[in-house]
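All remarks here apply to the structure that follows.
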Amino acid sequence: MDILFIADPLERFRIYKDSTYAMMAEAARRGHKLYACEPQHLAWVNGKVEADVRHFEIVGDGADLHRERWYVAQKASRELTSFDAILMRKDPPFDMEYVTSTWLLEMAERAGAKIFNRPQAIRDHSEKLAIGEFGQFVAPTLVTRNAARLRAFHEEHQDVILKPLDGMGGMGVFRVKSDGMNLGSIIEMLSADGARSVMAQKFIPEIKDGDKRILLIGGEPVPYALARIPQGNEVRGNLAAGGLGRAQPLTARDLEIAKTLGPTLAARGLLLVGLDAIGDWLTEVNVTSPTCFREIMEQTGFDVAAMFIDALERAAA
């Protein structure tokens, strides 16, 4: 297959930890041809969606995940319908340019392109708000821009987490304990004085055991989660915020959540989903560019990338 990866620049990949690179390496091992571009390289031209892409090959010692020169590439321009599969792997922020990319990809999809995750499904599933569809798995949560409601939520639950709806990697996440220290300032900042909605959740003490990433591939769970454990005085377990990643088998509750959500999300065109859970509670549904392949693979020996490319080959057939 000819596979196009829409992602961040190849030059910025840290291949020792990058899930997209793990996908690329497995696809190349099977003989698939690899192409890459960034969202700004998409264009709608005379009714067709094209992209300035790079056809690239992986080079060097594949076992050396710290090598600087890991690919060679040459430029080309192609219609998106000429690819056998297109993977949308651009990291957030999920801003209007990201939305525009999904609109362009949806045009290509209508012309016959096979895109994973489906552009409409990416747009329709806010990574923070999508949990609202599965309330049986969600701890007490409030989304509002109203400061009085946020204060009342804190008054009721005493120990809460507040975060923006468009953050990533733990950015903008605050814990406010029973003393309410800086609650007003945090609400003002996150809500931009009432102009932006904020998510508040009851603090889940099990965060000490990690913020678990549960991967769904083609609706089926990877048998291991990556528990991202906060370090020191940090409340955030995100790897980008310094959390320590520990792979562990899914618990019975993890499996219940995964088995309930998996078929529904897969039917909507979400080939790869990253569920976040703390203790027994679902906290996020990540659909843009879920990660943690490499950590699970290295710690357990389970080949997440092979499971993903198997699912991609079936879906693109």
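The values are calculated or read from the model by the stated rules, or taken from the named source; none is laboratory data. The structure presented is a predicted model; accordingly, all values stated were derived computationally and were not measured. Cβ placement follows ideal geometry from the backbone for every residue including glycine, while neighbour counts extend to all protein chains displayed.
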When you go through (1) assigned to a loop (DSSP other than H, G, I, E, B); (2) small (G, A, S); (3) under 25 Å from K202 (Cα atoms) one by one for A148, which number turns out not to apply? (1)
In the range 123-173, how many are among the charged types (D, E, K, R) and farther than 30 Å from T102 by Cα? 5
Just need a number here: residues in the range 74-124 that are surrounded by fewer than 20 Cβ atoms within 10 Å (Cβ to Cβ) and either at positive phi or more than 22 Å from the chain's Cα centre (by Cα) (or both). 13
Looking only at the range 9-36, how many residues end up being among the charged types (D, E, K, R) and either buried (at least 17 other Cβ atoms within 10 Å of the Cβ) or not assigned by TED's automatic domain parsing to the domain that holds Q74 (or both)? 3
Failed condition for E127, given (1) more than 22 Å from V235 (Cβ to Cβ); (2) crowded, with 19+ Cβ neighbours inside 10 Å, with all others met? (1)
From V99, V53, V59, which residue is in contact (Cβ under 8 Å) with a residue 40 or more places away in the chain and of a type in the set (V, I, T)? V53
Restricting to the range 69-103, name every residue that is assigned to a strand (DSSP E or B) and of a type outside the set (V, I, T). Y71, A73, Q74, K75, A76, S77, R78, E79, A85, L87, M88
Would you confirm whether any residue within the range 293-301 is closer than 23 Å to F134 by Cα and buried (at least 18 other Cβ atoms within 10 Å of the Cβ)? no
Of (1) within 23 Å of R294 (Cβ to Cβ); (2) in a strand (DSSP E or B), G62 satisfies every one except (2)
Looking at the range 25-46, I want the residues that are in contact (Cβ under 8 Å) with a residue 40 or more places away in the chain and more than 21 Å from F293 (Cα to Cα) and have a partner that is in a helix (DSSP H, G or I) and of a type in the set (S, T, Y) with Cβ atoms under 6 Å, at least 6 apart or on another chain. Which pairs are those? P39/S101
Spot the failing condition for D254; the list is (1) within 16 Å of N286 (Cβ to Cβ); (2) in contact (Cβ under 8 Å) with a residue 60 or more places away in the chain; (3) surrounded by 21 or more Cβ atoms within 10 Å (Cβ to Cβ), and only one is missed. (2)
Any hit, the range 54-72, residues being over 20 Å from T20 (Cα atoms) and outside the structural domain of A240 (by TED's automatic domain parsing): no
Residue in the range 243-255 that is among the hydrophobic types (A, V, I, L, M, F, W, C) and under 24 Å from A85 (Cα atoms) present: no
What is the number of the single condition among (1) modelled with pLDDT under 95; (2) of a type outside the set (A, V, I, L, M, F, W, C); (3) more than 11 Å from M199 (Cα to Cα) that D166 does not meet? (3)
Of a type in the set (D, E), touching a Pro at 6+ places or on another chain (Cβ under 8 Å) and more than 22 Å from A266 (Cα to Cα) - does that describe any residue in the range 16-35? no
Quick check on my filter: what residues within the range 111-132 are part of a helix (DSSP H, G or I) and in contact (Cβ under 8 Å) with a residue 24 or more places away in the chain? P119, Q120, A121, I122, R123, D124, L129, A130, I131
Could you tell me whether L215 is in contact (Cβ under 8 Å) with a residue 40 or more places away in the chain and in contact with a Cys (Cβ under 9 Å, 6 or more places away or on another chain)? yes
The range 271-309: number of residues that are among the hydrophobic types (A, V, I, L, M, F, W, C) and part of a loop (DSSP other than H, G, I, E, B): 4
What is the residue count in the range 73-96 for residues that are of a type in the set (F, W, Y) and under 19 Å from L10 (Cβ atoms)? 1
